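Here the structure is laid out as structure tokens; the discussion comes afterwards.
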Amino acid sequence: MLNNKVAVIYGGAGSLGAGVAKAYVQAGARVFLAGRTEDTLRKVAAETGAEYDVLDARDKEAVEAHATSVVERAGRIDISVNLVPRGDFQGVPLTEMSVEDYTRPVTQGITCQFITARAAARRMAAQGSGVILSLDSGSANGSPMMGGTAAADGAIDALIRQLAQEVGPAGVRVCGIWTAGVTDSLTPEKLTGAGAPAMDEAAVEGIRSHLDSLRMTKRSPQIADIAALATFLASDGGAAITGTWVNATAGMFAS
């Protein structure tokens, strides 16, 4: 499906990034992982057959230089995927949350998404084709106790729709995936980030089970499901899809 395509996955060392990288390589793409931690990048690259570069996707000069480097090495950029963590902090009522914990995912998320999408769009528009993909929880549709996640998702939702309108005439598609939690990507380490209280595996399994119970299908999306969808959206099979978000929440909410 992606034969001879060139993909860049920002946040490629995470569990979702690794899953998408594996699916893309298996579909025939040349994949470049980008992230801040070389040890994890090297591990995922070895497991998936991807290449990697150490990069802070919040650094606009570094992202532009990296995009130029990918084009120099591979000839083009056909697919850009941003899966960079935003420092979300959840489970606390808004009335008890600090300004910093609420705004962090909004400012970090939209800044990073804008920088990487802009770099990709500039090069894709020049070559007359390309696909830019994003992913969030879909919490902008309404999710209590999600802190700044809802606002961050709403900002990214708007960015994707606006960018798609602007670069569509140049042959570039821009779209996103809503997941409302990919349960096999959840770990105690991930859920304890950004100052949240520590969790053990039993607590995380309780969260997974609760998320399952909220779905229409009673089964949450898995990494492999999202990777397969990201492969389809990046392929010619998804040629008619742009300027929108695909609801892959297994029915967490209707859309």
Cut-off under 19 Å on the C-alpha distance; same-chain residues fewer than 8 positions from LYS218 excluded. Which aspartates and glutamates are left, in chain and number order? ASP184, GLU205
To the nearest 20 debye, segment 124-255 has a Cα-centred charge dipole, built from +1 on Lys and Arg Cβ and -1 on Asp and Glu Cβ, of 300 debye
On the formula 1/(1 + (r/R0)^6), with r taken between the Cβ atoms of ARG36 and GLN222 and R0 of 41 Å, the FRET efficiency rounded to 0.05 is 0.95
Dividing the mean separation of Cα pairs under 8 Å (6+ apart) by the residue count of segment 96-255 yields a relative contact order in percent of 25 percent
Any idea what angle helix 38-48 forms with the longest principal axis of the chain, computed on alpha-carbon atoms, 0 to 90 degrees, nearest 10? 70 degrees
Mind checking the per residue accessible area of the chain for me, 1.4 Å probe, whole number of Å²? 44 Å²
What's the angle, to the nearest 10 degrees (0 to 90), between helix 60-74's Cα axis and the longest principal axis of the chain? 50 degrees
How large is the charge dipole for the chain, taken about the Cα centre, if only the Cβ atoms of Lys, Arg (+1) and Asp, Glu (-1) carry charge, to the nearest 20 debye? 720 debye
Determine the share of the chain's accessible area contributed by carbon and sulfur atoms, expressed in whole percent, with a 1.4 angstrom probe. 57 percent
Between 0 and 90°, nearest 10: helix 223-234 axis offset from the chain longest Cα axis: 40 degrees
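The values are calculated or read from the model by the stated rules, or taken from the named source; none is laboratory data. This is a predicted model, so every value here is computed, not measured. Cβ atoms come from the backbone with ideal geometry, glycine included; neighbour counts cover every protein chain shown. Note: areas computed on protein heavy atoms with side chains; ligands, DNA, RNA excluded. Shrake-Rupley method; radii C 1.70, N 1.55, O 1.52, S 1.80 Å.
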